[in-house]
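The values are calculated or read from the model by the stated rules, or taken from the named source; none is laboratory data. This one's a predicted model, so the numbers in the text were calculated from it and none came from an experiment. Heads up, the Cβs are rebuilt from the backbone with ideal geometry, glycines too, and the neighbour counts pull from every protein chain shown.
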């Protein structure tokens, strides 16, 4: 009985290790090659596992990719928490462009953006990605608002910051001088500081149209 449990735990550990290796490899391959060129075989080779590993662990490629997005978000949550501790920051709205840029400009952020773009022309992928992204966005917004002590569910501020950083991460591919992108990140931070001098979300909400 105990031996069976040990064997089962070992198998579960192996499965978890294989899945993690595939997720990490998918991030590397997609960020380097783009979504369409990062085939299942390419990802498996990158992970150092058999080429049938993805189809063994996931029903379809789309299901696998949706789980990659979910896994990346879990890693990003840890990264956000670590940066807030290291930089002693995050209590003001204007802190978040720089924090978000540090996280979303990493290969994992690039890979997710590649996946989002690919989903526009892949209905099966889009059908799986959209609910995952919606859940992620809600969780991220809740954590963001709680960190700022906001008593609102308004997600416009975090959406502005996140998608601005995602767009800049794509724009970086077309700019020779990386400092130009950093300048844009800093500019958004300064604009938010001016719009919300007390650092609160409520100040930004009050800038929105009264009809909203």
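What to note about this one:
- Taking the conditions (1) at pLDDT 95 or above; (2) part of a loop (DSSP other than H, G, I, E, B); (3) more than 30 Å from residue 64 (Cβ to Cβ) in turn, residue 176 satisfies each one other than (1).
- Out of 20, 55, sole residue that is within 20 Å of residue 73 (Cα to Cα) and part of a helix (DSSP H, G or I): 20
- Of all residues in region 198-212, those being loosely packed, with under 12 Cβ neighbours inside 10 Å and either part of a helix (DSSP H, G or I) or at pLDDT 95 or above (or both) number 1.
- Residue match in region 179-196 (condition: assigned to a loop (DSSP other than H, G, I, E, B) and over 28 Å from residue 33 (Cβ atoms)): yes
- Test: residue in region 20-40 that is farther than 30 Å from residue 199 by Cα, surrounded by 15 or more Cβ atoms within 10 Å (Cβ to Cβ) and under 12 Å from the mean Cα position of the chain (by Cα): yes
Table: residues versus (1) in contact (Cβ under 8 Å) with a residue 40 or more places away in the chain; (2) under 30 Å from residue 29 (Cβ atoms); (3) assigned to a helix (DSSP H, G or I).
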| position | (1), (2), (3) |
| --- | --- |
| 91 | yes, no, no |
| 95 | yes, no, yes |
| 110 | yes, yes, yes |
| 115 | yes, yes, yes |
| 118 | yes, yes, yes |
| 121 | no, yes, no |
| 132 | yes, yes, yes |
| 140 | yes, yes, yes |
| 150 | yes, no, no |
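- Residue in region 100-122 that is buried (at least 18 other Cβ atoms within 10 Å of the Cβ), within 14 Å of the chain's Cα centre (by Cα), modelled with pLDDT under 95 and assigned by TED's automatic domain parsing to the domain that holds residue 83 present: no
- Flag for residue 128 being more than 22 Å from residue 84 (Cα to Cα) and either crowded, with 16+ Cβ neighbours inside 10 Å or not assigned by TED's automatic domain parsing to the domain that holds residue 27 (or both): yes
- Residue within region 56-67 that is at pLDDT 95 or above, within 13 Å of the chain's Cα centre (by Cα) and surrounded by fewer than 21 Cβ atoms within 10 Å (Cβ to Cβ) present: yes
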